[in-house]
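Written out below as structure tokens is the structure these notes cover.
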DNA sequence: GAGTGGTCTAGACCACACG
DNA sequence: GTGTGGTCTAGACCACTCT
């Protein structure tokens with residue numbers, strides 16, 4: 001079991017690992033909460049919080065009076081319920097992720113980005129354009145704008161672990177909290193087609209996101225174009 | 001305070017009402033959890049579950065060590081934290097919605113639909129194909145499969161208020177609870193292009209949804225293809 | 001240091017599913 | 001009836017923020 005953080009997170013991670021390795025196959029029943037509580041040496045409340053996380057992540061489903069059941073997982077997908085990093089998402093599903101930086105420049109952002117970031121006209125941003133590769137194949141293009149004032153070293157320093165969000169947290173102490181996303185479909189232009197090795201005008205999933213820190217202050221505008229093979233998933237629990 | 005359901009739901013509703021009426025204005029601090037627990041005559045754990053719901057709905061934000069604060073509400077976007085119908089979504093934004101039924105048949109569903117609905121090979125479904133028009137223009141195609149066993153009259157009776165979900169509730173007593181959606185991009189095939197009056201291979205936003213009732217029993221598989229002009233907007237609150 | 005939210009315990013009773 | 005998840009109590013200690 002993992003060795004850091006609250007117990008319920010450790011237990012959740014441990015169960016998630018067990019699910020990933022097939023200890024509990026799809027449609028099978030998890031041990032009861034009482035059973036798990038005994039096994040992990042915690043109270044049932046703590047186990048419940050762990051399982052709650054698995055439910056939110058769409059890994060299991062509870063049925064009152066019957067039990068907790070393992071859900072079959074989609075091939076490759078990205079959860080939309082929480083703010084996540086592309087790298088983490090894919091690695092959590094056991095894929096090998098590479099990132100190629102296409103360009104990194106200090107630029108005056110376009111007007112819509114500037115207003116989303118609540119910057120004045122003279123403010124500079126770092127524009128970062130990356131291509132994501134999963135198992136060696138390009139699957140997504142990401143273009144991010146980050147206010148230079150918030151992350152002065154971003155224009156030159158390497159990203160920690162290849163991830164912008166990890167860099168935010170570990171270098172700048174910025175915790176991502178909320179986000180607003182707009183999702184639509186587009187046809188690949190020539191540059192996108194080249195980067196993703198697709199025919200011109202192939203359909204792409206476009207996500208435009210404004211990310212906010214814990215003070216609800218905007219920290220990033222990101223546009224992502226993804227191959228249709230990697231759908232977004234969202235689990236709604238009323 | 002509301003008079004039904006678990007206490008934490010009643011407390012959440014009560015607090016939500018207080019927020020809506022301005023008892024706690026934006027940026028103000030809620031009473032501490034200990035204080036609220038005393039006021040409602042419950043333990044702090046119960047208050048925490050109530051407040052948790054407000055956080056998920058994007059009404060308040062917690063800051064460890066500081067307090068729980070009221071968030072200003074976004075004007076336009078509707079949080080996608082509940083399962084909604086296309087009709088409701090669009091009408092809520094002031095658009096006029098029309099629905100044209102393209103076909104309604106009793107069919108043996110394709111394999112993927114059958115397994116999502118957990119049906120056996122002989123089971124029949126009602127396949128309903130509709131085109132949605134907003135302000136007179138076709139903007140979306142919806143194709144739904146519903147197990148015939150659950151809704152025997154669906155193959156012939158009119159939909160209540162033109163809405164499948166209203167029909168579920170009022171005719172069959174089925175309360176929609178959870179849903180799982182996969183979002184991706186596709187290129188319009190010939191039939192879709194005709195129905196939506198688009199060039200062949202235009203990009204479309206595709207949403208595939210499995211809807212579950214209160215027992216987490218699947219009640220509908222729906223595929224929706226929407227024009228890129230109508231993006232999905234999603235607000236995430238960690 | 002005082003006050004707040006974050007985690008956890010060790011019980012209890014209830015509502016529901018299933019054989 | 002038995003076992004399961006759903007709710008709730010009455011405490012406790014910790015981590016964090018603010019002054």
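Before moving on, here are some points about what is shown:
- Residue in the stretch A:221-229 that is within 7 Å of chain B (Cβ to nearest Cβ), more than 17 Å from residue A:117 (Cβ to Cβ) and at pLDDT 75 or above present: yes
- Number of the condition not met by residue A:229 [criteria: (1) within 30 Å of residue B:187 (Cα to Cα); (2) within 20 Å of the chain's Cα centre (by Cα); (3) part of a strand (DSSP E or B)]: (3)
- Complete set of residues in the stretch A:38-67 that are out of contact with any strand residue (DSSP E or B) (no Cβ under 9 Å at 6 or more places or on another chain) and more than 9 Å from DNA strand D (Cβ to nearest atom): A:38, A:39, A:40, A:41, A:42, A:46, A:49, A:50, A:53
- Close pairs from the stretch A:182-200: first assigned by TED's automatic domain parsing to the domain that holds residue A:211, partner part of a helix (DSSP H, G or I), Cβ under 7 Å, at least 6 apart: A:188/A:196; A:199/A:193; A:200/A:190; A:200/A:193
- Residue count for the stretch B:167-200 satisfying the condition of being facing chain A (nearest Cβ under 7 Å) and closer than 20 Å to residue B:231 by Cβ: 8.
- Being under 30 Å from residue B:140 (Cβ atoms), within 14 Å of chain A (Cβ to nearest Cβ), within 16 Å of DNA strand C (Cβ to nearest atom) and modelled with pLDDT under 95 is a property that residue B:65 lacks.
- Qualifying residue in the stretch A:198-205 (condition: in contact with a strand residue (DSSP E or B) (Cβ under 6 Å, 6 or more places away or on another chain), under 26 Å from residue A:104 (Cβ atoms) and not in a loop (DSSP other than H, G, I, E, B)): yes
- Qualifying residues in the stretch A:28-39 (those that are buried (at least 18 other Cβ atoms within 10 Å of the Cβ) and more than 8 Å from DNA strand C (Cβ to nearest atom)) - the one nearest to the other protein chains (Cβ to nearest Cβ): A:30
The values are calculated or read from the model by the stated rules, or taken from the named source; none is laboratory data. In this text the structure is predicted, and so the values were computed from the model without any measurement. Heads up, the Cβs are rebuilt from the backbone with ideal geometry, glycines too, and the neighbour counts pull from every protein chain shown.
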